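Report on the structure given below.
Read the figures in this text as sums done on the coordinates, not as results from a lab. Predicted model only: the values in this text are computed from it and were never measured.
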Amino acid sequence: MEDITDLVFKGCDELDDLELLAPGGFDLFETMSAFELMDPKMDLRIDRGEVLNSKKAIQEGIIDPKRSLSHHEMLALMNRILRETASWLSGSQMQQSLYTCLLFSSKSLLENNPILVHYFEAFHYLF
């Protein structure tokens, strides 16, 4: 294997604005992936740490599936889902918008909130 570090830096020095140093056959999808990598705003995996799922949230007491939500909490949750849906329809990935809500992914967490059960079911029909 040959060290090409100096060659790469020399090539980068010769680049104009908006140019990218890449091997032949490097397409637009790979280009966007290269820009997203290690960028905290773009890379889903950076600084992610432990992923919180509904089972872990219940164990840690973050979510109590037996508790009924107040009207204010239900409206706030409905508003959030509408906002995340608008974000998804505007082009955001579903994993970065709708699926950030733990309650959206597990119907069993809403058993004591029948209004929300039907509200979330309506959104599931959209997808």
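Given region 65-127, report the % of alpha carbon pairs whose separation exceeds 15 Å. It works out to 48 percent of all Cα pairs. Counted residue by residue at 0.36 nm each, then reduced by the alpha carbon distance between them, the extension gain from Phe123 to Tyr99 reaches 7.4 nm.
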